Every structure is written in structure tokens, then in C-alpha cells.
Amino acid sequence: MAVEEFFVETTIPEQKAVGDGVLFPAVVSPSPTADLDPDSFVAAVASQKPRLEALLRSSGALLLRGFPVRSASDFDRAVAAFGYDELPYVGGAAPRTNVVGRVFTANESPPDQKIPFHHEMAQVPEFPAKLFFFCEVEPGSGGETPIVLSHLIYERMKTRFPFFVERLEEHGLIYTRVLGEGDDPSSPIGRGWQSTFLTKDRSVAEERAAKLGVKLEWLEDGVKTITGPIPAIRFDHTRGRKIWFNSMVAAYTGWEDARNDPVKAVTFGDGTPLPADIIYECLNILEQECVAIGWKKGDILLLDNLAVLHARRSFDPPRRILASLCK
């Protein structure tokens, strides 16, 4: 069978038509004649990368459903077949565990907690260009991963709150977070400083933080990290448009634990507080525009991190989603 016959575009109920009828997300499944062998799938991904990337570029998100991907190792091979360089998870907030190769658990915070909309690692200067998610264990119920196109959020916020968006474009944002030494799995931002900077040495942590543009203030039982001012609005050169690219809503509404007050977690780049009413209206807009993908075992969801924000809904266990970050 020719590899070009391996993938067929299909639809799922959650999809939305955006722009000129482009479906979001794009979805591909095996053709009726596809050889559902893991080696054949990996070979097809490698040979059909341009076609898959074209779907990702037009839609911003690509769901691969129904393929022979059952384990973390299968997922690791699939990610490798795309040929992207790995981005080490340095500077991110979420508790994660390396599973195999370039595969990590997704955010390990408790299942009753939602994870608000964000771009992956938008709060640090070096962020992934692409994200892969993989469903190893389907949720008992809930646990969807809502996704939303960032240029739509920019356009709606610019129309609704032009002065606010102008201030964001002028000043950017400052993110502040207090980290303990070790990870706190009860918190959605519970990654400790040792795993955040991949070291137990404070001087090495300071060097790595400096490369990320992060200032450290050491505390008795942890460290305060201050990042920014960093842009909140960026330009997507691939698609020629401005995009909403930040973790503002996630920080303001979700960066809360024993060490952190979410209202203090993010400010304008000049240090002034953000207006709560606009933050929560932005959250409403995100919910209105999003598509919530219900996971099925074996699903791989590839996101363009510039084009798409993502979130997590609460769920009833079991649920195990794995992730891989790429440059």
C-alpha cells in the first residue's frame, strides 16, 4: 500500500469551522486499507510529514485518531518520526515526570482541578513551537483538553478592550511565582526549583534562570521567580497575523497554592495590577471560542503552540495523558 493512502481526513463532532471553512482541529484517521502495524504507522508519519504539517499549518491543531499507538514507547517513536528537535522542560511550572525518551506526563495536578487556558511556557522567553499530547488511558469522565485559536482571541479582545490590549502590547507582562525546593503534586504549578532548573545547585539554577531571563530571589524555604517584562501579544510569521500569546488568564485565575496568590502572579510589565473584570471576560471569550476534545485511547493531538492555547477540564480517574515538547 502506498503511504499516501495511509491517512484520510475525517471529522469529529467537536470540530468547528473557522475562517474560510477550515476545520479546527484537523483530524486524520487510518484509511480502510492502512496496515495498522506500529512500524507502518511510524514510516507513514515520516514519509507524509509535509502533508501532516500542511494540515497543522492551516488548522493550528491536528488530531491523529485510530492509529496503533498504545504505549508511551509507541508515542515516543511517533514523535521522533516527525523529526522535530526536543525542547527540554526548563522553566515550566507544571509537575511532570519523564516516562520514556522525550515523553513526559502532562500536568499531574489533582483531577478535580481545572487547568486554565495558556500557551505552553509563554511565561518564559524560550517556549516550544509544537506540543504533542497522547492519551494512554481514557478519562473515566470529563478530562477534555479544550483548545482555542489565539488569533481569534486577539481579535475579540482587541475589539472589546482596545485600550487594555494596547497596554499589553506596550508593556507586556511580568510573571511572579514562588517555588519550593521539591515538587508539590497537589498544585497545578507545583514544580519545585530543583526540577524547574534541572539541578540541586543554587548557582547552576541562577545561571539557567538568567539564560531564560528569570530573576531569582532566594527565600528561607524556596525561591521567588520573576520573569519579564515579556510580550503578551506576538506576531505569527507563518500565518502573517497577530496572536494572543501569554499565560495571563492561567496565572491570574489558576496559579494558586500554599505559596502563591494568583492575583499577584501576573501584572502589566510596568508593575501595575491587571483589571480583574477584563481577565474574567477574557476567560469567557476563551470558553466561547474553544473546542473541547474528548480523549480516546491512542489519540495523538499535535498543537502549534503559537497558534493555539490549551486547557484541561476536571475529570474522574483514571486518565493518563502524556506529552512531548518540541522546538
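The values are calculated or read from the model by the stated rules, or taken from the named source; none is laboratory data. Just so we're clear, the structure is a prediction, and the values are computed from it rather than from any experiment. Counting neighbours? That spans all protein chains shown, and the Cβs are built from the backbone with ideal geometry, glycine included. Accessible surface is based on the protein model in full, side chains and every heavy atom, while ligands, DNA and RNA are left aside. Shrake-Rupley method; radii C 1.70, N 1.55, O 1.52, S 1.80 Å.
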Fill in: Residues located in the stretch 1-15, provided they are modelled with pLDDT of 95 or more, crowded, with 16+ Cβ neighbours inside 10 Å and over 17 Å from Trp295 (Cβ atoms)
Phe7
Worksheet item: Of the residues Val45, Val18, which single one is open to solvent by less than 10 Å² (accessible area, probe 1.4 Å) and farther than 30 Å from Ala205 by Cβ?
Response: Val45
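On the basis of being assigned to a loop (DSSP other than H, G, I, E, B) and of a type in the set (Gly, Ala, Ser), does Ala44 make the cut?
Criteria not met by Ala44.
So is Ile300 within 30 Å of Ala78 (Cβ to Cβ) and at pLDDT below 95 or not?
no
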Item to complete: Give the stretch 223-245 a look and list any residue that's surrounded by 17 or more Cβ atoms within 10 Å (Cβ to Cβ) and at positive phi, or say none.
Response: Gly228
Worksheet item: Take the residues of the stretch 21-42 that are under 22 Å from Ala81 (Cα atoms) and hydrophobic (A, V, I, L, M, F, W, C): which is most open to solvent (accessible area, probe 1.4 Å)?
Response: Leu36
Item to complete: Any chance you could count how many residues in the stretch 120-152 are closer than 21 Å to Tyr280 by Cβ, at pLDDT below 95 and touching a strand residue (DSSP E or B) at 6+ places or on another chain (Cβ under 6 Å)?
Response: 1
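The rows are residues; the columns are (1) in contact with a strand residue (DSSP E or B) (Cβ under 6 Å, 6 or more places away or on another chain); (2) over 20 Å from Pro188 (Cα atoms); (3) surrounded by 19 or more Cβ atoms within 10 Å (Cβ to Cβ).
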position	(1), (2), (3)
Pro275	no, yes, no
Cys282	no, yes, yes
Glu289	yes, yes, yes
Ile300	yes, yes, yes
Leu306	yes, yes, yes
Arg313	yes, no, no
Lys327	no, yes, no
